[in-house]
1. What is the percent carbon and sulfur in the accessible area of segment 46-181, measuring with a 1.4 Å probe over the protein chains and ignoring ligands?
2. Which entries of K81/K163; K81/K151; K56/K123; K86/K163; K95/K135; K86/K123 show an alpha-carbon separation above 26 angstrom in the structure shown?
3. For segment 71-83, in order, what is each residue's ³J(HN,Hα) by Karplus, 6.51 cos²θ - 1.76 cosθ + 1.60 with θ = phi - 60°, in whole Hz (x at glycine and Pro)?
4. How large is the charge dipole for segment 59-153, taken about the Cα centre, if only the Cβ atoms of Lys, Arg (+1) and Asp, Glu (-1) carry charge, to the nearest 20 debye?
Amino acid sequence: MGKAKKAQKFAVMKKMVTSKALKRHKEEVSNPNKKVENKEKTSRNVPYVPSALFFKYNTALGPPYRVLVDTNFINFSIQNKLDLQKGMMDCLYAKCTPCITDCVMAELEKLGQKYRVALRIAKDPRFERLLCTHKGTYADDCIVDRVTQHKCYIVATCDRDLKRRIRKIPGVPIMYITKHQYSIERLPEATIGGEFKLTGSLQGIGRQFGIGCPVGQPNKAYMSTSYFQRKPWLDRGNYLAGTSF
C-alpha cells in the first residue's frame, strides 16, 4: 500500500532564531537556578477574607447593630416622616446605633439652609460620630473604604451608585427605604419592610405557625375555625396562645 501524500501547508514559514532567543538560551545555560530564585522573590498577593463570611453573608454581624448612615438616607427619612432610630429597630427587631462620619457631616453642612433639619438630626447625641483621617470629604469613598476595612457595619443609603459599589463587597448588608419604611438586604435574618420573610416551602409552614404575621396576630386564613376542624387533635385556644410571640 502506497504512502499517503500530505497536503502542503499554505504560507508556512521556517522559524527564525532571533538574537533575543539566543541571549535567553545562553542565560539559561549559564545560570540554571536563576528562574527558581526569581520565583522565590515574587510575593503572592492573596486578598484577606474574614472567616466569619458565609458566601456574601456576614455571620459575625449581630445586635446591637451599627448602622453607617449616608447623606441622602437622612433626607429621604425626613421626606417619608420616619424616625431613624425607631425605624431601624422596627426593621431589625434589635438595638441599633446610627453612626455618622465626618464626611457625611461635611456634606450636610455644604448643602446649606435647605437641609438644616437633616443637619440637626445628624447632630443628635444618640448618633455615634466616626472620625475620618483620610484626605477629601467625598462621603461615598469614605463609606466604601471604612466598610471594606471593618465589616461590622450596616450601610444605610438610597443612592444607587453607592449600593452598586457596596454589593461588590461581601458581608456588608444594605439598608434602604421602600414603601415608607426601612428594609434591608444581605442579612441572614433579613426583615423586609419590618416583617420576617420566609422563602420556598417554609412559607406554608410559617403561616401555619403564625410566623410572618404581625405580633400577636396569626394568619387568619390558617388560624380559622375550619383549619382546626380539619385537624381535631389541635386545641384552637392553646394553639393561638402559643403563637402570640
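1. 54
2. K81/K151; K56/K123; K95/K135
3. Once rounded to whole Hz, the list reads 4, 6, 5, 5, 4, 5, 5, 5, 4, 8, 6, 10, 7.
4. That gives segment 59-153 a dipole magnitude of about 260 debye.
The values are calculated or read from the model by the stated rules, or taken from the named source; none is laboratory data. Remember, predicted model here, so these are calculated numbers, not experimental data. All Cβ positions, glycine included, derive from the backbone under ideal geometry; neighbour counts span all protein chains shown. Each accessible area value is taken on the protein alone, full model and side chains, heavy atoms only, with ligands, DNA and RNA left out. Shrake-Rupley method; radii C 1.70, N 1.55, O 1.52, S 1.80 Å.
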